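Read-outs throughout are calculated quantities, based only on the coordinates presented, and are distinct from any laboratory measurement. Because the structure is a prediction, the values reported are computed rather than measured. As a convention, Cβ positions derive from the backbone with ideal geometry for all residues, glycine included, and neighbour counts pool all protein chains shown.
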Amino acid sequence: MQLSDIFLRLGESNFEQMLRSVSLGRLRTYQLFDAFKTRLRVQKLNTETLRKVGPRTWARLQEEGSADLATELSQAILISHMDMIQAVLNDLGIPHQDGFFEKDADLSRYLSDGWQQRAWDKFNASYPPPALLFYLNHLGWEVGKAEDVFSPPA
């Protein structure tokens, strides 16, 4: 499974909601603003642009499945929800430094069976559901090498 598959499997509505939740201030803080603006292929990056660029960016993900585009999008979305990331990592007992963990660390032992559902049940009322759903899938993909996309039962 590739990172772009997570976006595509979560659907266009969730994708557009996540895109609109991107914090431009956080992008500037983490020096991702210009790279993100370039990746989205926009002249000006603001909240209105984020709303308008959603369908076009979604189409690019579908057509290209670009790993670079998916990586830039995921960084922007995740950096915008660091409080959620820290809460989930703390709940799972995963050691981290302000939401970041060492790249080569084997953290799969912290992800016991059913961890995504338990985290979803605990946090979906506290954080934006599309962002939480994306993060749970991203964490499973990055740490647990998930083979499929998690989707909570309706």
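Numbers below:
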read-out: Mean Cβ neighbour count within 10 Å, used as a protection proxy, ranking 110-116, 40-46, 2-8 highest first; value: 2-8, 110-116, 40-46
read-out: Proximal charge balance of Met1 [Cβ under 10 Å; K/R count +1, D/E count -1]; value: -1
read-out: Within straight-line cross-link reach of Lys103, aspartates and glutamates at Cα separation under 13 Å, skipping those fewer than 8 residues along the same chain; value: Glu142
read-out: Where a label projected 7 Å from the Cα of Lys52 along Cα→Cβ would reach, residues of segment 10-29 with amide N under 16 Å; value: 20
read-out: DSSP loop GluC sites (Glu not before Pro) with at most 14 other Cβ within 10 Å: longest gap in the chain; value: 1-101
read-out: Loop trypsin sites (Lys or Arg not before Pro), segment 97-152 (other Cβ atoms within 10 Å of the site Cβ: 13 or fewer; DSSP); value: Lys103, Lys145
read-out: Relative contact order computed over the chain (Cα-Cα under 8 Å; 6+ residues apart), in percent; value: 31
read-out: The chain: DSSP helices with Cα axial extent of at least 30 Å and average Kyte-Doolittle hydropathy no lower than 1.0; value: none
